[in-house]
1. When the distances between all Cα atoms of region 1-146 are binned every 10 Å from zero, what whole-number percent does each bin get?
2. Which one, Val154, Ala103, Gly135, is farthest towards the positive end of the dipole of region 100-154 when Lys and Arg carry +1 and Asp and Glu -1 on their Cβ?
3. What shape does region 53-101 have by the C-alpha gyration tensor, where a ≥ b ≥ c are the square roots of the eigenvalues, rounded means a/c under 1.5, and otherwise prolate means a/b greater than b/c and oblate the rest?
4. What 222 nm value per residue comes from the helices of the chain, counting each DSSP H run with n ≥ 4 as -39,500 (n - 2.57) and dividing by all residues, nearest 500 deg cm²/dmol?
5. Would any residue of region 98-138 have its amide N under 20 Å from a label point 7 Å out along Cα→Cβ of Arg145? List them or say none.
6. Give me P(r) over region 64-179, computed from all C-alpha to C-alpha distances, binned every 10 Å, as integer percentages.
7. Summing +1 for each Lys or Arg and -1 for each Asp or Glu, what net charge is found among the other residues whose Cβ lies under 14 Å from the Cβ of Leu130?
8. Rounded to the nearest 20 Debye, what is the dipole magnitude of the chain about its Cα centre when Lys and Arg each give +1 and Asp and Glu each give -1 at the C-beta?
Amino acid sequence: MTANAAGRYATALFELAKSEGAAGAVEADLSAFQAMLGDSAELSGALASPLYTAEAKAGVLADLAKKAKFNAMTGNAFGVAARNGRAGQLGQVARIFAALAAADRGVVTADVQTAAALTKKQTEALAASLKGAFGREIEVRTEVRPELMGGLIVKVGSRMFDSSLRTKLDGMKTAMKEA
C-alpha cells in the first residue's frame, strides 16, 4: 500500500501529523478533499493534467485549502505534492492516509462501491455485519458507481466480495459464449 509515491507521501504526512497531534484534523481535511474531487471532474482533471504547471496546481490547491479552512499541515502537503508533480495523486494519498489512520486506531476500513448511495441505516447495518464477520471495528467508506447497476462490491484489506449486477451479467455473458 505504501510502496508507490502516493503511499510514501501518505505515510510521511501521517507520521508528521501524528507526531504533531494533528492526525485527526488532517484526516478530516483529506476526507473533505476526496469529496471535492468526487464532486468536481474539473478539479480532478486539472490536477492530473500535464497542461497545467506544477506552480499553477500548487496555487489552486493553496486557494482551495484556504477557502476550506484546512489545517496548515494539509495545505503544506498539498503544495509539496503539487510542486513535485504529484498533484494528480492526492486522491490516492487521501485514501491511503485514511487507511493508515484507521489502522492506527485499530479499525479496519471497508471500501464499498454501490450503484446507488446507501442510507445511513444501510451503512450501519453493513458495518455491523462486517464487524461480525471480521471480529473488529469496521469503518465503511462508500463510493457510488452507477455502472454496477445493482448490488455492491466490498473490499476489506486484501479480501474482496463482489455481488454487483454488472459482474453477474458479465459472468453470464462469458458462460453463454462458452456454450
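1. For region 1-146, the binned pair fractions read 11, 38, 34, 15, 2 percent.
2. So the residue furthest toward the plus end is Gly135.
3. oblate
4. Working: 8 runs with 111 residues, N = 179.
About -20000 deg cm²/dmol.
5. Within reach of a label on Arg145, which here means backbone N under 20 Å from a point 7 Å along Cα→Cβ, region 98-138 contributes 98-99, 109-119, 123, 126-127, 130.
6. With a bin width of 10 Å, the distribution comes to 12, 31, 29, 22, 5, 1, 0.
7. Working: positive: Lys131, Arg136, Arg141, Lys155, Arg159; negative: Asp111, Glu124, Glu137, Glu139.
In short, +1.
8. Details: 22 positive and 18 negative charges, 42 e Å.
It works out to roughly 200 debye.
Read-outs: derived from the displayed coordinates by stated rules, not from any lab. Note that the structure is a prediction, hence the values are computed from the model and not measured. Quick reminder, even Gly has a Cβ in these numbers, built from the backbone with ideal geometry, and neighbours come from all protein chains shown.
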